[in-house]
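Read the structure below first, then the notes.
The values are calculated or read from the model by the stated rules, or taken from the named source; none is laboratory data. Bear in mind that the values here come from a model prediction, so they are computed numbers and not experimental data. Positions of Cβ are generated from backbone atoms using ideal geometry, with glycine treated the same way; all protein chains shown enter the neighbour counts. Only protein heavy atoms, including side chains, enter the accessible area calculation; ligands, DNA and RNA are left aside. Shrake-Rupley method; radii C 1.70, N 1.55, O 1.52, S 1.80 Å.
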Amino acid sequence: MKKHISVLYSTILVLSSLCANAQGHDPQILMTVGNQPVTLQEFKSMYYKNLSKDSVKSKKALDNYLALFTDFRLKVNAAIDAKLDTTPSFKQEMNEYRQKLAEQYMRDQTVEDQLVKEAFDRMQTDVKVSHILIKVATDASPADTLAAYQKALKIREEIIKKQTSFEDAAKKYSTDDRSALHGGEIGYITSLETYYPFENAVYATKVGEISMPVRTQLGYHIIKVTERKADAGQVYVAHIMLRTPPKMTEADSLKIKAKVDSIYTLIQKGQDFSDLAKKLSQDPSSAKKGGNLFWFGVGRMPASFEQASFGIKNVGDVIAPVRTPYGWHIIKLLGKKGPATFNDSVKESLTAKVLKDERSELSVAALVKEIKQKYEFKEDLKAKDEFYKVIDSTFYANKWTVDKAKGLTKNLFSLGGRNISQQDFAEFLAHNQLQGAKHSGEYAVNKLYPKFVKEECMKFKNDVLEKEYPPFAEMLTEYRDGILLFDITDKMVWTKALKDTTGLKAYHESHKNTYMYGERADATIFTCTDEKVAKEVRKLIKEGKSDKDILAAVNAKDANAASFQSNTYEKKDNAMVDANWKQGVSDNQTVNGKVVFVDVKQILQPSPKKLDDVRGMVTTDYQNYLMTQWLTDLRAKYPVTVDQKVLAQVMPQ
């Protein structure tokens, strides 16, 4: 939203909401503004919404509210007539707001809440897992996918029949090279740290059991659960890291170990951990922060680092160097906290993570299913199958064109009275061509058709939001009218007052007696080092010397002998001037060891202030003047009529 809207945010909340369309409108017309009718229900519901119970019962409050409402509707009418709702910037802002507002309606809220709660419940348990990965590309052919699945099944069968151990099978077959070295062990994981299908299998598999092959974006996984334990919470640590290159020699490895041990010894002798991290750590991102990392739970760090960090008992403790696949680490505990509770803050945080995770597609899928049922989705699968023959090898080289499907003109499916044709699907295919290995036309169509159906269902849902959800339409109307209210007022009043210098000067001139100075004193306050200097200054004042000439003469020998402060003072500006409010020189006073007196040159009578001295105040008043004049013009342009009998129904009986 534009920054300037925030200036009137509170006003918009009250005023722009008045024009929102409520469900079940009362057909009685309360008033018309120009040719725009306002129903009783529209006004009444917003009146009750925006005022306290006591205020609602007041006739005066009702009249005041009606006046505000009328002014608001007059301005919005003017904005629409000025076509401010047709400008590119207005349309863009409304589109952006609508898109953002629509997000919450484009998911199945029940499923989303279930996913959030599921994630939290799973986070209460950390699971130690190992896996064997059989890689298969996401765009693999059905034959290659089946072959990978059968290979995973065979490996699992060997393990179940004890023909081999899980660990040996992982070392022999797994294409996850890092975990394969450790017999497939990954370490502890929890929710929202891995692929959702993998996570589901982990939490569904009992300790000691081996899962069936599970498909993720990486391929097929055979999962073994070795331990479950209650969530340990999170730790906050700092570390000093020395890297160990993968193919280093034994001699180099010993040198690095000796160096990290020497750093640890320095810490034990009292050297500052943070300073050493900044100077010696080979983890640049944390080194500049004194080695500080971030709060983390299980599954975020290498297993040995994680285990060591959670094993530190006291905040401030530093443990001996720990080895990970990346190097040696000296770890210091900075903080530790237990598991979170399911409060609003945690729910909000988890919701944000769930929406970024692949599992969020489940809430979208549930919504698509609901849309299909509600709006009687009907499809012609034979019409879909006709695309098998028109998708050729060019589709996998990003060279396929819609012309190749020009003979396909049937309807693919219908939704809520809207027909989606084969040509619509052809356009979708042209913009979503597949890359990589060449497959059949059937493969491409069957892969992309469900995505097309989902996209069209979501488009349909988006198009009917205003009709299906009155609160959505109301919020859009409030936002729309809020922008129009600001923009038209800015154009006709605020910016106009700032730019119309001629009008501002004329307004000041015709109202100059409103901006008056009171009686003022043209005075100089002299501060002297002693009575002798003060006497010399007084003598020069009598001789008619100027303040500057007096200072030059008195300070000729001593630059600090005297100083002065000259100004035009209003009453209460300065206590000493107030005490000597008459022309002439006052008696001496001792202030902080100095001799101080006032020379009042003259008492000025009340006079108008110059425009530059009161520009801010005059501008505000000029804006109010313009607003009054503008509203007068609007009332003449858009006659307002109020049915008093209908208005009487607003007051509660």
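A few points about this structure:
- Violating pairs (Cα-Cα greater than 24 angstrom) within the set K154/K447; K151/K171; K545/K594: K154/K447
- Alpha-carbon centroids, the range 328-405 and the range 443-467: separation in whole Å: 12 Å
- 3J(HN,Hα) along the range 605-613, derived from phi through the Karplus expression 6.51 cos²θ - 1.76 cosθ + 1.60 where θ = phi - 60°, amounts to 7, x, 7, x, 7, 5, 4, 4, 7 Hz, with x in place of Gly and Pro.
- Summed over the residues of the chain and divided among them, the accessible surface reaches 55 Å² per residue at a probe radius of 1.4 Å.
- Loop sites in the range 587-643: trypsin sites (Lys or Arg not before Pro), DSSP, at most 13 other Cβ within 10 Å: K610
- Integer Hz, Karplus 6.51/-1.76/1.60 couplings in order for the range 94-111, x for Gly and Pro: 5, 5, 5, 5, 4, 4, 5, 5, 6, 3, 5, 8, 9, 9, 7, 5, 5, 5
- Cα gyration tensor, the range 602-642 - rounded (a/c under 1.5), prolate or oblate: prolate
- Solution diffusion estimate, µm²/s, Stokes-Einstein, the range 347-426, Kirkwood Rh from C-alpha pairs, 25 °C, viscosity 0.890 mPa s: 160 µm²/s
- Equivalent ellipsoid semi-axes, the range 414-485, via Cα gyration tensor eigenvalues times 5, rooted, Å: 37, 14, 9
- Amide H contacts of N292 (H built 1.01 Å from N, under 5 Å, at least 5 apart or other chain): H239
- Heavy-atom accessible area ranking, 1.4 Å probe, most first, across T216, T394: T394, T216
- Residue-by-residue Karplus 3J(HN,Hα) for the range 274-281, coefficients 6.51, -1.76, 1.60, Hz, glycine and proline x: 4, 5, 5, 4, 4, 8, 10, 5
- C-alpha center-to-center spacing [the range 188-257, the range 63-91] in angstrom: 60 Å
- Debye log10 I(q)/I(0) at q = 0.12 Å⁻¹ for the range 178-323, Cα point scatterers: -0.65
- Entries in K75/K609; K499/K610; K512/K582 that, when Cα-Cα distance is taken, lie over 30 Å: K75/K609
- Anchor K332: lysines whose Cα lies under 19 Å away (excluding residues fewer than 8 positions away in-chain): K257, K259, K269, K278, K279, K288, K289, K313
- Its alpha carbons considered, the range 101-246 gives a radius of gyration followed by a Dmax of 17.8, 58 Å.
- Distance histogram in 10 Å bins (all Cα pairs of the chain, percent per bin): 3, 9, 11, 13, 13, 13, 14, 11, 6, 4, 2, 0, 0
- Checking the cross-link pairs K49/K496; K255/K337; K224/K438; K44/K459; K49/K467; K467/K645 against a 25 Å limit on the alpha carbon distance flags K49/K496; K255/K337; K224/K438; K44/K459; K467/K645 as lying beyond it.
- Think of each Lys and Arg Cβ as +1 and each Asp and Glu Cβ as -1; about the Cα centre, that makes the dipole of the range 376-419 roughly 100 debye.
- Computed with the Debye formula from one identical point scatterer per Cα of the range 44-181, without solvent, the log10 of I(q)/I(0) at q = 0.13, 0.14, 0.19 Å⁻¹ comes to -0.93, -1.01, -1.10.
- Heavy-atom accessible area for Y449, with the other protein chains in place and a 1.4 Å probe, reaches approximately 20 Å².
- Charge dipole (debye, nearest 20) of the range 288-374; +1 at Cβ of Lys and Arg, -1 at Cβ of Asp and Glu: 120 debye
- The convex hull drawn around the Cα atoms of the range 357-402, when projected onto a plane and averaged over every direction, covers 5.3 nm².
- Protection proxy ranking for 141-150, 528-537, using the average of other Cβ atoms within 10 Å per residue and placing the highest first: 528-537, 141-150.
- Taken along the Cα-to-beta-carbon direction at a fixed 7 Å, the label points for M94 and A397 span 4.7 nm.
- Sequence of E42, E361 when ordered by accessible area, the most exposed leading, probe 1.4 angstrom: E361, E42
- Cα-based reach from K162 at 18 Å (exclusive), listing aspartates and glutamates while leaving out same-chain residues under 8 positions away: E209
- Dividing the summed -39500 (n - 2.57) terms of all DSSP H runs of n ≥ 4 by the residue count of the chain sets its mean residue ellipticity at 222 nm at -14500 deg cm²/dmol.
- Amide H contacts under 5 Å for I186: V129, S130, H131, restricted to partners 5 or more places along the chain or on a different chain, H placed in the peptide plane at 1.01 Å from N.
- Solvent-accessible area of M492 with every protein chain in place, 1.4 Å probe, in Å² to the nearest 10: 60 Å²
- Across H182, H439, H511, H131, the residue with the most accessible area heads the list, and the full order at a 1.4 Å probe is H182, H511, H439, H131.
- The Rg/Rh ratio for the range 396-547, using Cα coordinates for both the radius of gyration and the Kirkwood hydrodynamic radius, is 1.59.
- Local electrostatic count, L634, Cβ distance below 12 Å [Lys/Arg +1, Asp/Glu -1]: +1
- Partner aspartates and glutamates for K382 [C-alpha distance under 17 Å; skip if fewer than 8 residues away on the same chain]: D424, E442
- Building the convex hull from the alpha-carbon atoms of the range 524-653 and averaging its projection over directions returns 16.2 nm².
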